[in-house]
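The values are calculated or read from the model by the stated rules, or taken from the named source; none is laboratory data. A quick note: this is a predicted structure, and the numbers were derived from the prediction, not measured. Here the Cβ is made from the backbone with ideal geometry for all residues, glycine too, and neighbour counts use every protein chain on show. Surface accessibility is based on the protein's heavy atoms, side chains included, excluding ligands, DNA and RNA. Shrake-Rupley method; radii C 1.70, N 1.55, O 1.52, S 1.80 Å.
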Amino acid sequence: MKGLIYKDIQLFFRGVDKKVLCIAAVAIVLLMTQTGPYGGLLGSILLAMTVSIQNILIFSSDESAHWLTYQRSLPVSSRQVVAGKYLSVLCTLGVSTGGSVLLCLLTGVIHGPLSPSLLGLSVWASVVIPLLWTGLCLPLTYWFSFRAAQLMGMVVVVPLFFLVKFFEDGPGLAAMPDTLAGLAALASGVAAVVFAVSYIISVQGYQKARS
């Protein structure tokens, strides 16, 4: 199983689309310069979305290399195969959390003293968003196809986009930290449950495809 985790982490970094990376980098820079002290939080949300998308795109590389056919012949159980994928997702959380801290530090340098509450929320978002995203998309991949997961990924973008847009056009970004802080405990619990249940559903989907 360690080899499967290593493979997925390698694909995560090697498979990064340079165009997507450039677009994300430009968007993060714009957020950091245009949204003041909240740039780190918004940049962290965008980075978490990028990490989530990249975790799902790994399946595209697997399909291109016909890896799934070979994987089903390996002397490992279905639970181990799927667990390797989920553990690799947890490993990549280091990218989103580390990037979140860096973005918040840069925002503090540009716009003034770093707010501990904004830093905490940024790190929280960098963990919760990938867990929810992959928790929803991975079962679709194992039960149906990578394309179904891609479609779900596009759907997940919508509420996140409208969440930010709501605060920009309504109460203002200043109200966003307090609102998110009030939802943090509930959202964290939901993310943990979704991720755990998602694993069980994915195992069943993999077993069905393997049989």
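Along region 141-146 the Karplus relation, 6.51 cos²θ - 1.76 cosθ + 1.60 evaluated at θ = phi - 60°, assigns HN-Hα couplings of 5, 6, 8, 10, 6, 4 Hz to successive residues, with x for each Gly and Pro. Computed from label points 7 Å out along Cα-Cβ, the spacing between Leu93 and Ala181 is 2.3 nm.
Arranged from highest to lowest average of other beta-carbon atoms within 10 Å per residue, in what order do the peptides 15-22, 29-36, 50-57 appear? Before the final figure, lay out each step's value.
Details: 15-22: 11.1, 29-36: 15.6, 50-57: 22.5.
Most protected by this proxy first, the peptides run 50-57, 29-36, 15-22.
Here the Karplus relation 6.51 cos²θ - 1.76 cosθ + 1.60, evaluated at θ = phi - 60°, turns the backbone of region 154-162 into coupling constants of 5, 5, 5, 4, 4, x, 5, 5, 6 Hz, with x for every Gly and Pro. Over the residues of the chain, the helix contribution to mean residue ellipticity at 222 nm works out to -30000 deg cm²/dmol, using -39500 (n - 2.57) for each DSSP H run of at least 4.
Packing around the peptides 38-49, 92-103, taken as the average count of other Cβ atoms within 10 Å per residue, puts them in this order, highest first: 38-49, 92-103.
Taking only protein heavy atoms and a 1.4 Å probe, the accessible area of the chain is 72% carbon and sulfur.
Of the listed peptides 74-81, 6-13, what is their order by residue-averaged count of other C-beta atoms within 10 Å, with the highest listed first?
Values: 74-81: 14.0, 6-13: 16.9.
Ranked by mean Cβ neighbours within 10 Å, highest first: 6-13, 74-81.
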